[in-house]
């Protein structure tokens, strides 16, 4: 790669604004208050959910699942359903994707939102089992890395519950077909976990 190309990459990296955990949660709380006022449900997903579960990878926006669009100024309509908003937190504008799926995956996202749990200070978050399912559906590079991290973390994801959730929504035949696709990631996660444990023992 040439120096000019490296310089271009460097400038692009500096131009990207990463969203920290605290400001991401604050933006989510602002949206949550608006949702409550409009009798809507929403819950934290995406990169900020990964932060809260302990995986601090970079993220450039806040993802929330919602039961319906909200009466907020929108910057962009999402192709798969929902809108992108800009929420002021301190001196920073935080991009928030309010996801209301309108495609073939709608029923799964609705179920994930239904099963969200409420944490301290009324913060709702998508449970790890549904995070794994949604990451599996998306299957972008970052989604696969998120999914593998969650699967390798001891006690975080109950794999029997993943199957049960899929069965509840899709029925047994479709759930077991989907599970066959997930099993390769289960194996990869076990290999990663074993590598982590061996590395700790060698220190």
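Only residues that are outside any helix (DSSP H, G or I) and at pLDDT 90 or above: list them for segment 7-33, please.
Those that are outside any helix (DSSP H, G or I) and at pLDDT 90 or above: 19, 20.
Test each condition in (1) more than 21 Å from residue 45 (Cα to Cα); (2) free of Cβ contacts under 8 Å to residues at least 24 places away in the same chain for residue 155 and report the one that comes out false.
Of (1) more than 21 Å from residue 45 (Cα to Cα); (2) free of Cβ contacts under 8 Å to residues at least 24 places away in the same chain, only one is false for residue 155: (1).
Just need a number here: residues in segment 139-173 that are loosely packed, with under 15 Cβ neighbours inside 10 Å and over 18 Å from residue 115 (Cβ atoms).
Number satisfying all stated conditions: 8.
Yes/no matrix, rows are residues, columns are (1) under 19 Å from the mean Cα position of the chain (by Cα); (2) at pLDDT 95 or above:
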residue: 136; (1), (2): yes, yes
residue: 156; (1), (2): yes, yes
residue: 159; (1), (2): yes, yes
residue: 164; (1), (2): no, yes
residue: 185; (1), (2): yes, yes
residue: 202; (1), (2): no, no
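Could you look through segment 108-122, keep only residues that are in contact with a strand residue (DSSP E or B) (Cβ under 7 Å, 6 or more places away or on another chain) and part of a loop (DSSP other than H, G, I, E, B), and pick out the one that is modelled with the lowest pLDDT?
Checked segment 108-122; the qualifying residue modelled with the lowest pLDDT is 119.
Does residue 4 satisfy the criteria of being in the same structural domain as residue 115 (by TED's automatic domain parsing) and in a loop (DSSP other than H, G, I, E, B)?
Criteria not met by residue 4.
The values are calculated or read from the model by the stated rules, or taken from the named source; none is laboratory data. Not measured: the values here are computed from a predicted model. Note that each Cβ is placed from the backbone with ideal geometry, even for glycine, and that neighbours are counted across all protein chains shown.
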